[in-house]
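The structure appears below as structure tokens.
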Amino acid sequence: GCLWYMMASLSISLGYSQNWRHADENDELLSISHSDFGGFAAYLRSIYWAIVGMSTVGYGDIVPTNIIETTFATVVILFGGLVLPAVVGGLAAVVG
């Protein structure tokens with residue numbers, strides 16, 4: 001979650017005009033302000049994205065908006081879809 005939050009800052013520093021935080025806050029259907037809870041709302045949205053992404057549910061309400069974010073999202077989704085099930089399967093084999 002924290003790395004996803006950092007991707008927006010990295011995007012800005014690399015010169016991209018759009019990032020997921022801007023897109024998330026400007027979405028008229030959601031009416032979310034990342035400054036709520038003293039700025040903690042943005043981190044909550046980041047953690048939510050990580051959970052949804054790694055569980056491969058992928059609701060699509062928080063989306064990457066540039067190549068940096070797309071690359072990172074791809075790695076996270078692959079990790080959630082390939083590595084985590086292998087770890088859980090290995091643990092199940094040891095316990096069973």
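Observations
- Every residue from segment 45-96 that is among the polar types (S, T, N, Q) and closer than 25 Å to Ile12 by Cβ: Ser46, Thr65, Asn66, Thr70, Thr71, Thr74
- Pick from segment 45-86, criterion in a helix (DSSP H, G or I) and open to solvent by 80 Å² or more (accessible area, probe 1.4 Å), ranking: farthest from Asp24 (Cα to Cα): Leu82
Residues checked against (1) free of Cβ contacts under 8 Å to residues at least 24 places away in the same chain; (2) open to solvent by 30 Å² or more (accessible area, probe 1.4 Å); (3) among the polar types (S, T, N, Q); (4) assigned to a helix (DSSP H, G or I):
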position	(1), (2), (3), (4)
Met6	yes, yes, no, yes
Tyr16	no, yes, no, no
Ala23	no, yes, no, yes
Leu30	no, yes, no, no
His34	yes, no, no, no
Gly38	yes, yes, no, yes
Ala41	yes, no, no, yes
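The values are calculated or read from the model by the stated rules, or taken from the named source; none is laboratory data. Not measured: the values here are computed from a predicted model. A quick note on method: Cβ atoms are made from the backbone with ideal geometry, for glycine too, and the neighbour counts reach across all protein chains shown. Protein only, heavy atoms only, side chains kept; ligands, DNA and RNA dropped before computing areas. Shrake-Rupley method; radii C 1.70, N 1.55, O 1.52, S 1.80 Å.
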